[in-house]
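Undergrad: I'd like to ask you about the structure that follows.
The values are calculated or read from the model by the stated rules, or taken from the named source; none is laboratory data. None of these values were measured; they are calculated from a predicted model. Cβ atoms come from the backbone with ideal geometry, glycine included; neighbour counts cover every protein chain shown. Just the protein is used for accessible areas: all its heavy atoms, side chains included, with ligands, DNA and RNA removed. Shrake-Rupley method; radii C 1.70, N 1.55, O 1.52, S 1.80 Å.
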Amino acid sequence: MRLPLSAALLLGLSLLTNAQNTTSFDIDFAKPQPVYDEQNGLGYDFGTSALSKKNLSQMSFSVRVPDGNYKVSITFGSKQYAGNTTVYAESRRLLGVNITTKKKEQRTLSWTVHKRSPEIEGGERVKTKPREKNYINWDDRLTLTFCGPAPAINRIVIEPDSKARTIFLCGNSTVVDQEYEPWASWGQMIGYWFDENVCIANYAESGERTTSFMASKRLDKALSMCHEGDIFIVEFGHNDEKDRGAGSGAWYNFSHNLKTFTDRIREKGCEVILATPTARRAYKNGVLTDTHGDYPAATRTVATREKTGLIELTQMTTDLYNAYGEENSKRFLVHYAAGTYPGQDKELADNTHFNTFGAFEVSKCIVCGLKLLGSDVVSHLRSWWTDFDPKNPDDYTKFNIPAVQKFEIVKPDGN
């Protein structure tokens with residue numbers, strides 16, 4: 001007998017208290033669940049519905065929670081079918097890839113996910129760009145998206161977390177959680193490598209300079225969310241190098257701003273790691289040329305003077321491109337023939353912004369940088385991490401991470 005909707009909703013909620021007033025959830029997908037709305041405060045979101053043997057399409061599920069870190073424990077599996085699930089959080093932050101379960105088998109994995117909104121304590125607010133208004137990184141809920149050949153979810157438990165060490169990311173379009181395929185950045189991939197004892201909080205945004213990042217209060221927001229002992233990785237340069245006004249340049253304004261970042265982060269008792277900017281794919285007569293001028297050197301100088309950590313991302317991404325060569329290095333970036341993606345009537349040829357494969361490879365470079373620094377966070381790498389050499393990157397023909405079905409052909413801000 002089919003239950004009335006009201007009874008089904010009550011049956012499906014196993015919460016510590018009403019969904020509108022709690023931050024802890026125990027969601028059993030063997031029972032009916034609602035569609036998300038403001039009254040429920042949790043449910044299937046973005047036009048998706050329950051997964052089943054007859055419905056193996058993408059599923060998104062959201063819960064409304066305050067800003068903070070949340071431990072998310074997901075039990076994968078189905079009594080109906082063998083599962084193969086890839087899971088993302090918020091704006092395509094990669095958590096788990098091709099998690100397989102046999103029919104009737106269950107497997108539980110945990111992550112810690114950072115949820116944020118534009119509001120800052122004291123009545124301030126992050127000045128988001130018009131294109132960010134619909135980004136789910138900035139809304140009032142925590143969203144998980146499941147995709148793959150046969151996504152299978154049995155249970156989700158969500159609870160506040162105060163134990164995980166948080167790595168905050170400050171940067172531009174090479175770091176940001178890109179909302180839409182085929183664009184991707186290393187910041188939304190790096191969480192894949194860490195267990196639930198490390199949380200990634202990505203505050204980067206496309207087109208940002210060190211100056212605009214602070215002016216828009218993104219740094220203020222990140223600092224309001226951090227705790228002593230957390231880590232900040234800071235990567236800028238792509239857009240700062242276009243400044244032409246009085247006081248601009250690598251050795252004055254840019255260096256001064258990196259010093260300001262360092263001072264403010266250290267005031268919170270947090271660790272600072274500076275990263276030189278990712279290389280552009282700019283070949284001339286078959287040779288990859290530098291486009292960043294003095295900005296990598298300025299980053300190194302500030303890191304040395306201020307005794308911060310340093311990740312040599314310019315060199316590592318240069319090694320990536322050179323390993324593939326002039327033509328094949330397009331495989332790391334958004335280079336696609338017309339008609340590859342919905343609504344794409346022209347070729348996409350971008351030599352700055354990564355696709356998922358490229359972002360995945362650059363995230364490995366960041367982990368390598370953390371290991372070279374001797375950071376203790378690398379003790380929390382997942383069992384699937386293997387050491388990586390940028391001069392010998394992975395084979396793109398063997399790369400297989402199912403994509404979130406969410407596309408936009410408009411190029412991100414910045415270059």
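Undergrad: Quick check on the chain: helices-only [θ] at 222 nm, where DSSP H runs of length 4 and up contribute -39,500 (n - 2.57) each and the sum goes over total residues. Nearest 500, please.
TA: Mean residue ellipticity at 222 nm (helix-derived): -6000 deg cm²/dmol.
Undergrad: Suppose a student asked you for the relative contact order of the chain, using Cα pairs under 8 Å spaced at least 6 residues apart; what percent would you report?
TA: Worked out over the chain, it gives 15 percent.
Undergrad: Here's a follow-up. State to the nearest 20 debye the size of the charge dipole of the chain about its Cα centre, where the only charges are +1 on K and R beta carbons and -1 on D and E beta carbons.
TA: Once rounded to the nearest 20, the dipole reads 880 debye.
Undergrad: Here is a further query. Can you give me the pair-distance distribution of segment 290-351, C-alpha pairs, 10 Å bins, whole percents?
TA: 18, 33, 25, 17, 6
Undergrad: I've got another one for you. What distance in nm separates the two pseudo spin-label positions at residue 228 and residue 251, each 7 Å out from Cα along the beta-carbon direction?
TA: So the label points at residue 228 and residue 251 sit 3.9 nm apart.
Undergrad: Let me ask something else. Return an integer: the convex hull volume of the alpha-carbon atoms of segment 322-376, in Å³ per residue.
TA: Roughly 90 Å³ of hull volume per residue.
Undergrad: For segment 325-380 and segment 185-238, what is the separation of their C-alpha centers, rounded to whole Å?
TA: 18
Undergrad: I would also like to ask the following. Rank by packing, highest mean first: peptides 105-111, 315-321, with packing defined as the count of other Cβ atoms within 10 Å averaged across residues. Mind dumping the intermediate values first?
TA: Details: 105-111: 16.3, 315-321: 21.7.
So the peptides 105-111, 315-321, ranked by packing, come out 315-321, 105-111.
Undergrad: Could you check the simple spin-label distance between residue 349 and residue 289, using points 7 Å along Cα→Cβ, in nm with one decimal?
TA: 1.6
Undergrad: Now, a different point. Please go through segment 342-415 and write out the trypsin sites (Lys or Arg not before Pro) that DSSP classes as loop and that have at most 15 other C-beta atoms within 10 Å.
TA: Working: sites: 346, 364, 371, 382, 391, 398, 406; in loops: 346, 382, 391, 406.
Sparse-neighbourhood loop trypsin sites (Lys or Arg not before Pro): 346, 382, 391.
Undergrad: Kirkwood hydrodynamic radius, segment 255-406, all distinct C-alpha pairs: what's the number in Å?
TA: In segment 255-406 this quantity evaluates to 17.3 Å.
Undergrad: Give me P(r) over segment 143-252, computed from all C-alpha to C-alpha distances, binned every 10 Å, as integer percentages.
TA: Answer for segment 143-252: a P(r) of 12, 36, 33, 14, 4, 1 percent.
Undergrad: Starting from the alpha-carbon convex hull of the chain, give the projected area averaged over all orientations, in nm².
TA: Spelled out: convex hull of the Cα atoms, projected over all directions, averaged, 21.1 nm².
Undergrad: Can you give the extra length, in nm with one decimal, that the chain gains between residue 73 and residue 371 once fully stretched, where that is 0.36 nm per residue apart less the Cα-Cα distance? It would help to have the intermediate numbers written out before the result.
TA: Values: separation 298, 0.36 × 298 = 107.28 nm, distance 2.70 nm.
104.6 nm is the gain from fully extending residue 73 to residue 371.
Undergrad: Take the solvent-accessible surface of the protein heavy atoms, probe 1.4 Å, and return the percent of it on segment 115-201 that carbon and sulfur atoms account for. Walk me through the numbers before you get to the answer.
TA: On the way: 1200 of 2720 Å².
Answer for segment 115-201 is 44 percent, counting heavy atoms of protein chains only.
Undergrad: Order 247-254, 40-47 from most to least packed using the mean count of other Cβ atoms within 10 Å.
TA: Peptide ranking by packing, descending: 40-47, 247-254.
Undergrad: How big is the convex hull of the Cα atoms of segment 81-183, per residue, in Å³?
TA: Measuring per residue, one finds 135 Å³ for the Cα hull of segment 81-183.
Undergrad: Follow-up. Viscosity 0.692 mPa s, temperature 37 °C: Stokes-Einstein D of segment 368-415 from its Kirkwood Cα radius, in µm² per second?
TA: Answer, rounded: 223 µm²/s.
Undergrad: Determine the principal axes of the Cα atoms in segment 12-139, then give the extent along each, sorted from largest to smallest and rounded to whole angstroms.
TA: Result for segment 12-139: principal-axis Cα extents of 51, 30, 25 Å.
Undergrad: Can you classify segment 79-141 as rounded, prolate or oblate using the Cα gyration tensor, where a ≥ b ≥ c are the square roots of its eigenvalues, rounded means a/c under 1.5, and otherwise it's prolate if a/b beats b/c and oblate if not?
TA: prolate
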